[in-house]
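> Dumping the structure here so I can ask a few things about it.
Derivation of every value follows stated rules applied to the coordinates shown; laboratory data play no part. Computed from a predicted model, the values in this text were never measured in an experiment. Cβ sites come from the backbone with ideal geometry, for glycine too, and all protein chains shown count toward neighbours.
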Amino acid sequence: MSEYDPHKSVEYIYDNAPAYAKAKGILAQLEAYKSSLKSMLMKHSGETSIGAQEREAYADVAYQNHCDAIGRATEQVELLKWRMLSAQMRFDAWRTEQASNRQIERITK
């Protein structure tokens, strides 16, 4: 078994933190804008009742495209999050292994 370098996990997390933060920020912007977009589409609808305006807004291509963008942004955030958590778990497993090895050395001396 090859020796594991825990610094690689730490470096991975450090190097990818900006990308994760940016993806999270984009997702937050998209989520915040969703209500504004719906309101603007309802306002420009030719319908008079709120229910009909809402229906028109949800059916609009711009709203559907925006929802697709939210889906893609969520996918990117989740991918980065789980990769970073995986790196953290690898580091934690290494740390536990090292502690166990030290304990075994103490017992066998």
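> Can you tell me how much longer the chain between E54 and E3 gets when fully stretched, taken as 0.36 nm per residue apart minus their C-alpha distance, in nm with one decimal? Could you put the intermediate results ahead of the total?
Values: separation 51, 0.36 × 51 = 18.36 nm, distance 5.91 nm.
Length gained, E54 through E3: 12.4 nm.
> Here's a follow-up. Using 0.36 nm per residue, how much length does the chain from T108 to L79 gain when fully extended, once their Cα-Cα distance is taken away?
Between T108 and L79, full extension yields an extra 6.1 nm.
> Once you sort the root eigenvalues of the Cα gyration tensor of the chain as a ≥ b ≥ c, which label holds: rounded (a/c under 1.5), prolate (a/b larger than b/c) or oblate (the other case)?
Working: a/c = 5.67, a/b = 4.40, b/c = 1.29.
Here the chain falls in the prolate category.
> Hey, if you put +1 on the Cβ of every Lys and Arg and -1 on every Asp and Glu Cβ in the chain, which of V77, T108, A59 ends up farthest toward the positive end of that dipole?
Sorting the options by dipole projection puts first T108.
> If each DSSP helix of 4+ residues adds -39,500 (n - 2.57) and the sum is divided by the residues in the chain, what number results at 222 nm, nearest 500 deg cm²/dmol?
Result for the chain, helices only: -32000 deg cm²/dmol.
> OK, next. If the chain between A62 and H44 were fully stretched, how many nm would it gain, using 0.36 nm times the residue separation less the Cα-Cα distance?
Answer, rounded to one decimal: 5.2 nm.
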